[in-house]
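Here the structure is laid out as structure tokens; the discussion comes afterwards.
The values are calculated or read from the model by the stated rules, or taken from the named source; none is laboratory data. Just so we're clear, the structure is a prediction, and the values are computed from it rather than from any experiment. Cβ placement follows ideal geometry from the backbone for every residue including glycine, while neighbour counts extend to all protein chains displayed. Keep in mind that these areas ignore ligands, DNA and RNA; they rest on the heavy atoms of the full protein, side chains included. Shrake-Rupley method; radii C 1.70, N 1.55, O 1.52, S 1.80 Å.
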Amino acid sequence: MCCDSKRRFLLLYATQKGQAKAIAEEISQQAGAHGLEADMHCISEMDKYNLETEKDPVVIVISTTGTGEPPDTARKFVKKIQDTSLPPDHFAHLQYGLLGLGDSEYMFFCNGGKTVDLRLQELGAQHFYDTGLADDCVGLELVVDPWIDGLWLALKKALLLQKEREDMNSVVDAVSSTLSTAPHVVHELNLSSEVQNLRLEDEGARSSDVPSQNLDDFNLVAPARSTEASLVHSIPPVSQSALNVPALPPEYIEVQFQDTFGENPHLSSLVSEGTTFEVPITKAVQLTREDAIKTTLLLELDISDIVFDYQPGDAFCVICPNNASEVEELLHILGLSGKGDDFVCVKVKQGTKKKGASRPQHIPERCTLKFILTWCLEIRAVPKKAFLRALVECTSDVGEKRRLQELCSRQGASDYTRFIRDSNVCFLDLLHAFPSCKPSLNLLIEHLPKLQARSYSVSSSNLCQPGKLCFLFNIVEFPACRARPVSRKGVCTGWLAELVAPLLHPSKSTLDTKGESSSTVKISVFPRPNHTFHLPADPSVPFMMVGPGTGISPFIGFLQHRQKLREQHTDWEFGETWLFFGCRHRDRDYLFKQLRCFLEHGTLTHLKVCFSRDSSTAEVAPPKYVQDIIRLYAKDVARVLLKERGYFYICGDKKHMADGVSDAVVDILSMEMEADRLEAMKILAMLREEKRYLQDVWS
């Protein structure tokens with residue numbers, strides 16, 4: 001290990017989409033300014049570190065994925081430390097601090113970090129710094145920034161105590177002298193996602209201890225006062241403040257244009273999660289009327305020629321490109337309009353000051369410029385503050401430069417949240433808003449995250465439709481607004497809708513004599529199994545399904561599968577099935593009117609539907625939402641869950657539906673058991689633990 005053992009600490013990250021790695025890189029970069037060296041590794045690289053013999057402090061940054069699981073890169077590590085044969089003092093020598101990343105929109109907030117934290121404690125490891133839990137729902141930076149601020153003094157104290165144990169004389173004197181002039185700082189931070197719980201250190205100590213730049217040094221003129229703040233304008237106090245902005249991230253990527261030609265990499269090379277398959281789309285159906293608020297499509301894929309096993313309830317991922325016109329627009333703004341098809345070589349910049357710099361894994365070493373912008377980079381991503389800081393150096397207009405500095409500063413944190421994060425402003429929007437900003441290509445590669453494949457629930461059963469895989473989705477719409485000059489469709493849903501337009505609206509010129517499309521549309525996909533959201537193993541167990549809108553998707557697969565089992569096994573006993581479905585209008589977006597067929601065949605025992613926007617002349621207004629219908633069947637819900645030990649499935653929007661359903665179930669349990677609400681909440685938690693109350697939700 002190359003780091004100076006006297007000032008070294010081990011820095012491990014476990015990431016799914018790159019957030020944890022980016023934060024770890026920020027910690028590593030700041031460490032040098034504090035006289036420390038970060039020995040940084042992905043937590044999966046267990047051949048490069050050894051916690052069993054680690055003597056220096058350990059810092060862990062870990063995200064959460066799926067329904068509360070650690071990221072894929074941490075699975076081997078978690079499996080190793082969860083070995084039940086390990087003694088309770090296995091890590092008694094270990095000092096560590098952990099930063100967990102999560103999203104409170106989901107039930108198991110920061111569970112990846114909590115799982116590792118708890119197990120390390122069980123094995124005797126000690127905190128040298130309190131655990132931080134950052135919430136992407138309100139902004140990771142609200143916890144991440146102050147957690148990093150307080151880390152340095154905690155690390156120095158941990159290293160000091162370590163040296164005291166090793167040498168009670170000369171080493172202690174040397175290290176103590178370096179700390180004797182530091183102002184007193186509260187280093188025990190008990191950070192949570194709630195801003196009011198943050199106990200930040202003294203402002204003077206923080207500004208002197210964290211690498212930042214004071215804008216008094218820039219001598220910039222603030223933009224003219226406006227009565228209202230916006231993306232491009234600030235008002236007092238931000239517009240009149242001296243600003244603390246992040247240190248400028250060092251550039252580390254070099255892009256060289258080449259005269260040679262060749263072929264771009266296959267899309268499968270961009271995926272590390274498993275085997276990728278290219279499959280044809282054989283059918284496309286619009287399930288909603290033209291006047292529906294949302295457009296819902298059902299697509300059918302032909303998987304008969306590949307080995308693609310799935311169960312109802314599983315998901316799969318679609319590899320999608322960025323919008324072609326947005327890529328062209330970006331090339332134009334960057335002054336590279338005629339170079340999109342040119343091949344480029346991407347490598348680490350010689351002499352870079354970035355520690356451990358390497359080419360991002362999702363960027364091929366050699367390919368066309370357009371391939372990078374189309375398939376590799378998430379150009380719709382909300383820019384992080386480090387990216388804004390880098391863009392400052394590419395901006396020539398003084399007013400625009402000042403505003404970008406404000407947006408990435410501590411003083412402009414609320415403006416960043418309001419005008420960038422909450423407004424879902426992307427990189428392209430920023431370039432329109434700040435026209436004098438002309439970034440280099442290497443900055444995009446350094447700061448834009450990987451273009452992620454999009455996940456969809458399977459809406460079919462391979463038992464009922466062998467060789468076929470169906471899924472449905474709403475075409476996502478982002479309307480134009482003050483910060484977004486044009487409306488946009490979702491990256492993947494907009495692309496899929498464009499792809500299948502000929503299947504939705506075939507013309508005679510595109511059909512051959514057999515009435516099928518002469519050109520087959522294909523997409524690249526890979527499986528993403530859901531290890532819990534499946535039908536009960538015992539078919540006699542009853543279950544309830546709640547799936548408004550496209551949340552009904554996995555339940556169509558459930559019902560198809562159950563119907564086929566009933567046909568094949570007439571002697572089996574099958575439990576009752578309930579489906580609660582809701583949409584806006586009965587005649588516009590009732591996605592599967594054929595649900596009544598399942599009802600008529602006995603596959604579905606109870607079908608309860610509601611329509612939130614339809615008017616009613618009834619004396620008693622009908623229920624509008626699925627959580628309202630569920631309350632009407634309180635005794636049945638309690639019976640299925642408590643007496644018959646059945647299952648309860650929820651799929652769909654979390655914030656506006658799943659939370660409401662959970663509240664309804666808690667009220668039902670409280671009422672039917674004559675227990676207080678706290679006791680009912682404990683019972684629901686028990687049902688979750690038993691994997692009988694299952695959710696597949698999104699925010």
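Within the range 34-46, residues that are outside any strand (DSSP E or B) and open to solvent by less than 50 Å² (accessible area, probe 1.4 Å) reach partners that are basic (Lys, Arg) and modelled with pLDDT under 90 with beta carbons closer than 9 Å, at six or more positions or on different chains, in the pairs 34/7; 35/7; 36/7. Residue count for the range 109-133 under the criterion of being touching a strand residue (DSSP E or B) at 6+ places or on another chain (Cβ under 8 Å), open to solvent by 10 Å² or more (accessible area, probe 1.4 Å) and part of a loop (DSSP other than H, G, I, E, B): the result is 4.
The set of residues in the range 247-296 being free of Cβ contacts under 8 Å to residues at least 60 places away in the same chain and within 28 Å of the chain's Cα centre (by Cα) consists of 266 alone.
Picking from residues in the range 51-84 that are of a type in the set (S, T, N, Q) and closer than 17 Å to residue 125 by Cα, the one that is surrounded by the fewest Cβ atoms within 10 Å (Cβ to Cβ) is 84.
In the condition set (1) touching a residue at least 12 places away in the same chain (Cβ under 8 Å); (2) not in a helix (DSSP H, G or I), residue 621 is compliant with all but (1). Take the residues in the range 227-241 that are part of a loop (DSSP other than H, G, I, E, B) and free of Cβ contacts under 8 Å to residues at least 60 places away in the same chain; name whichever of them is surrounded by the most Cβ atoms within 10 Å (Cβ to Cβ). Of everything passing the filter in the range 227-241, 235 is surrounded by the most Cβ atoms within 10 Å (Cβ to Cβ).
So which of 443, 407 ends up being modelled with pLDDT of 95 or more, outside the structural domain of residue 556 (by the TED database), out of contact with any His (no Cβ under 9 Å at 6 or more places or on another chain) and surrounded by 22 or more Cβ atoms within 10 Å (Cβ to Cβ)?
After ruling out the rest, the residue left standing is 407.
Of all residues in the range 102-118, those that are at positive phi have Cβ atoms under 7 Å from Cβ atoms of residues that are open to solvent by 30 Å² or more (accessible area, probe 1.4 Å), 6 or more apart or on another chain, in 110/64; 110/133.
Every condition in (1) more than 26 Å from residue 473 (Cα to Cα); (2) touching a residue at least 60 places away in the same chain (Cβ under 8 Å) holds for residue 663 except the one numbered (2).
If you go through the range 445-489 and keep only what is in a strand (DSSP E or B) and small (Gly, Ala, Ser), you end up with 455, 457. Could you tell me whether the range 313-322 includes any residue that is open to solvent by 30 Å² or more (accessible area, probe 1.4 Å), in contact (Cβ under 8 Å) with a residue 12 or more places away in the chain and of a type in the set (Asp, Glu)? Looking for residues that are open to solvent by 30 Å² or more (accessible area, probe 1.4 Å), in contact (Cβ under 8 Å) with a residue 12 or more places away in the chain and of a type in the set (Asp, Glu), one finds none in the range 313-322, hence no. Search the range 323-356 for residues being over 16 Å from residue 255 (Cβ atoms) and hydroxyl-bearing (Ser, Thr, Tyr), and hand back the single one that is surrounded by the fewest Cβ atoms within 10 Å (Cβ to Cβ). My answer is 325. Of the numbered criteria (1) open to solvent by 50 Å² or more (accessible area, probe 1.4 Å); (2) at pLDDT below 85, the one residue 254 fails is (2).
The criterion of being of a type in the set (Ser, Thr, Tyr) and closer than 25 Å to residue 404 by Cβ holds for residue 252.
Restricting attention to the range 421-448, the residues that are over 17 Å from the mean Cα position of the chain (by Cα) and either over 14 Å from residue 380 (Cα atoms) or β-branched (Val, Ile, Thr) (or both) total 13. Of all residues in the range 660-699, those satisfying the criterion of being within 20 Å of the chain's Cα centre (by Cα) and open to solvent by 50 Å² or more (accessible area, probe 1.4 Å) are 698, 699. The number of residues in the range 588-618 that are hydrophobic (A, V, I, L, M, F, W, C), in a loop (DSSP other than H, G, I, E, B), within 37 Å of the chain's Cα centre (by Cα) and over 20 Å from residue 295 (Cβ atoms) comes to 1.
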